[in-house]
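Computed from the coordinates by the stated procedures, all read-outs in this text should not be read as laboratory data. Please read these numbers as outputs of a predicted model, since none were measured by experiment. Virtual Cβ from ideal backbone geometry, glycine too; neighbours counted across all protein chains shown.
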Amino acid sequence: MPEKEGLPLEREVEQVAEVEAYFQDWRRYRKAVENNYLYHREVYARLHDFFLNHLAHPFSLLDLGCGDAGFMVQSLQGTAICRYLGVDLARMALDLAARNLAGLGCEHQLREEDYYEVVCAGAIKADVIWMGLTFHHLPRPQKAKFLQAARGILPAGGYLLMYEPILLEDEDRDQFLERSGQIRQDTWGAMTAAELERIGDHINNHDFPEKISTLEQMAREQGFSGLTAMFLDPDQVYALMCFQA
Ligand SMILES: C[S@@+](CC[C@H](N)C(=O)[O-])C[C@H]1O[C@@H](n2cnc3c(N)ncnc32)[C@H](O)[C@@H]1O
């Protein structure tokens, strides 16, 4: 693959084994989450409100790249959830998810698989698909195929919700990597230099964020009716978005 100043250019497929290896050490990611560096509190609070306001009837949820599902379980409290399926590559995260989901009070299942394969296999139906910081791992060609398959999983009127790092409308990937890297250096004070370096390596090699306008266009091309932006953090690195089928 050609390299530009050490940064990989877009690939055809996600480097699943490397992503899995990175998230097998769940504690590093968990430390960033506990410090709210990725705005989990705000995002999952809005998701909770969304479940209450838009899904009054029993609904099934497919959580792709579910991680430890800790914040998701909080978002689902008091909602009409009737069936939950979480998919992730990282065994350590899934073991934690099994414990977190024990108190959910509805049918739930976890699968240690590549979510792209699961969705493209087309054997699952769900009323809602959730992706928390995981769609951007897919390079562009996989994103389009994924959206097409995801549309096939949802009923008319169903929801695909995603919380994603995003490019500014006048920004390219290299500029995003520089901007977001500077924010981490300036504000992620609880992380060690070694942790910041490892996080930076992962993002530089495996994150392919898109502009909100690009995501909207890609989703429309696959039959979604449009995009609603539900949250943008003050630094404009992370967005919570909703696509309706
Ligand atoms: C940044 S974490 C997000 C975890 C959780 N959704 C959250 O909101 O905190 C990304 C998760 O996606 C998982 N992941 C990445 N690519 C995946 C794939 N192709 N299939 C399954 N899981 C994947 C990783 O193992 C990791 O647990």
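All but one of (1) part of a helix (DSSP H, G or I); (2) surrounded by 17 or more Cβ atoms within 10 Å (Cβ to Cβ); (3) within 14 Å of the ligand (Cβ to nearest atom) hold for L147; which doesn't?
Among (1) part of a helix (DSSP H, G or I); (2) surrounded by 17 or more Cβ atoms within 10 Å (Cβ to Cβ); (3) within 14 Å of the ligand (Cβ to nearest atom), the lone unmet condition for L147 is (3).
Exactly one of these conditions fails for I129: (1) within 9 Å of the ligand (Cβ to nearest atom); (2) within 22 Å of Y39 (Cα to Cα). Give me its number.
The one condition I129 does not meet is (1).
Can you tell me how many residues within region 87-137 are of a type outside the set (A, V, I, L, M, F, W, C) and closer than 29 Å to R173 by Cβ? Step through it out loud before you land on a result.
First pass over region 87-137, keeping only residues of a type outside the set (A, V, I, L, M, F, W, C): 88, 91, 95, 99-100, 103, 105, 107-109, 111-117, 122, 125, 127, 132, 134, 136-137.
Now narrow it down to the ones that are closer than 29 Å to R173 by Cβ: 88, 113-117, 132, 134, 136-137.
The qualifying residues number 10.
Kindly check whether there is at least one residue in region 174-195 that is touching a Phe, Trp or Tyr at 6+ places or on another chain (Cβ under 9 Å), under 19 Å from Y44 (Cα atoms) and among the hydroxyl-bearing types (S, T, Y).
No - not one qualifying residue is present in region 174-195.
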